[in-house]
1. Just give me the residues in the range 200-254 being open to solvent by 30 Å² or more (accessible area, probe 1.4 Å) and of a type in the set (V, I, T), in sequence order.
2. Since G306 meets every condition but one in (1) over 36 Å from the mean Cα position of the chain (by Cα); (2) modelled with pLDDT of 90 or more; (3) away from the ligand (no atom under 14 Å from the Cβ), which condition does it not meet?
3. Could you count how many residues in the range 325-353 are among the charged types (D, E, K, R), farther than 20 Å from H189 by Cβ and either crowded, with 21+ Cβ neighbours inside 10 Å or modelled with pLDDT of 90 or more (or both)?
4. Can you go through G313, G341 and tell me which one is more than 21 Å from I205 (Cβ to Cβ), within 16 Å of the ligand (Cβ to nearest atom) and in contact (Cβ under 8 Å) with a residue 12 or more places away in the chain?
5. Say whether the condition of being without any contact (Cβ under 8 Å) to a residue 60 or more places away in the chain and more than 16 Å from the ligand (Cβ to nearest atom) is met by at least one residue in the range 266-279.
6. Can you find a residue that is charged (D, E, K, R), closer than 22 Å to T345 by Cα and in contact with a helix residue (DSSP H, G or I) (Cβ under 9 Å, 6 or more places away or on another chain) anywhere in the range 165-175?
7. Can you confirm whether the range 187-205 contains a residue that is among the β-branched types (V, I, T), part of a strand (DSSP E or B), more than 23 Å from T127 (Cβ to Cβ) and within 16 Å of the ligand (Cβ to nearest atom)?
Amino acid sequence: MSAPNSSFDPKQVAPLGEEQVFAMRDEALAAIAAATDLEALKQVRTEHAGDRSPLGLANREIGALPPQAKKDAGMRVGQARGAVNQALAARQAVLEVEAEERMLVTETVDVTLPWDRTPRGARHPITMLSERIADVFVAMGWEVAEGPLVEAEWLNFDALNLGADHPARTMQDTFWTEPAENHVVLRTHTSPVQARTMLTRKPPIYVVCPGRVFRTDEYDATHSPMFHQVEGLVVDEGITMAHLKGSLDHMLQALFGEGVVTRFRPSYFPFTEPSAEMDLVCFVCRGTGLNDDPDAEVPTCRTCRGEGWIELGGCGVVNPRVLTACGVDPERYTGFAFGFGIDRTLMFRHGVEDLRSVFEGDIRFSRAFGTEI
Ligand code: PHE
């Protein structure tokens, strides 16, 4: 009698033999070693360690094996998978470090590089001073008014009591536009804004108007065919010359500091009566007219050229004829007006010697005013 068959329990099952499992493992390890970046490694992980990889499929097959073979194959496949997973983790760590290093190199920001080589625009000192002057009046409750640079002749002259045959009409050298019969000029002063304001609103009127004006002047150290003025106009009941002086003193104190000394010098403007020129005591020589440096080449003060006073602009009580021309009842209302050169004020306030530097756009000029560019 033959001995009973021992149960069929081969140790080695062909598809999961040592050689095959080692081959799968080695192939996986080689692929892992060959992966040069994280993306490639991800691919290798799916191909060699995923459910559908040779080792993954082998692992699934184990369950169907007879006990002894199952144990052996399980151990082999398990070890192989362990080795592959370990290699994957190690390679992953290496590639992560490499990727980070690469990123640090390629995305480096050199914080020492200059970032401000391209200058940004900034506001011009004239703009800043115009706004500053306007602010002084706005703080007193005045409004800012504006008018066009290209103006009707009637508003620039006639409404302001400068009739066609008025000798004062030639006081200002006018740019006329063509055709002449249109009677359009480049405004020679900001005073037409007075007329525009009175024609469009009712008193009480408290307005200030900074802006550009044009005259056929030569371009030199003290003249320019385009320059800036600031106009002021008040029309209300009971307004006198004293209100004018008080307002201007206030403005000049705000611009030049406490204790500025001003004076009114009789003058003539067709649109004001009485009229005055407003002078400011020279704040460099304080009225002496002398250069405070005794060794200086020029003995006289350079700011006021020895005058002791600086002429700022014209002003006066609004001529009743102007009120009438602009539809304001001169029996009920009175007013005052003034017009100052902003460029001149800037020059005096900051010791600018040549008017042209105001217009030439050299940023070194603006920088001297603390403009950050
Ligand atoms: N418009 C005058 C000028 O340009 C200045 C001025 C304005 C004078 C208002 C009196 C009143 O010179």
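1. T200, T216, T222, T240
2. Looking at each condition in turn, G306 falls short on (2).
3. First, pick out the residues of the range 325-353 that are among the charged types (D, E, K, R): 329, 331-332, 343-344, 349, 353.
Narrowing further to those that are farther than 20 Å from H189 by Cβ: 329, 331-332, 349, 353.
Pick out the ones that are also either crowded, with 21+ Cβ neighbours inside 10 Å or modelled with pLDDT of 90 or more (or both) and you get 329, 331-332.
Summing the residues that are among the charged types (D, E, K, R), farther than 20 Å from H189 by Cβ and either crowded, with 21+ Cβ neighbours inside 10 Å or modelled with pLDDT of 90 or more (or both) in the range 325-353 gives 3.
4. Details: G313 fails: more than 21 Å from I205 (Cβ to Cβ).
Exactly one residue qualifies, and that residue is G341.
5. Within the range 266-279, not a single residue is without any contact (Cβ under 8 Å) to a residue 60 or more places away in the chain and more than 16 Å from the ligand (Cβ to nearest atom).
6. no
7. Start the filter on the range 187-205 by keeping residues that are among the β-branched types (V, I, T), which leaves 188, 190, 193, 197, 200, 205.
Cutting the leftovers down to part of a strand (DSSP E or B) gives us 205.
From what's left, more than 23 Å from T127 (Cβ to Cβ): 205.
The next check asks that each one be within 16 Å of the ligand (Cβ to nearest atom); those that pass are 205.
Yes, because at least one residue in the range 187-205 is among the β-branched types (V, I, T), part of a strand (DSSP E or B), more than 23 Å from T127 (Cβ to Cβ) and within 16 Å of the ligand (Cβ to nearest atom).
The values are calculated or read from the model by the stated rules, or taken from the named source; none is laboratory data. Note that the structure is predicted; figures quoted are calculated from it, not measured. Note: ideal-geometry Cβ built from the backbone for every residue, glycine included; neighbour counts use all protein chains shown. Accessible surface areas use protein heavy atoms only, side chains included; no ligands, DNA or RNA. Shrake-Rupley method; radii C 1.70, N 1.55, O 1.52, S 1.80 Å.
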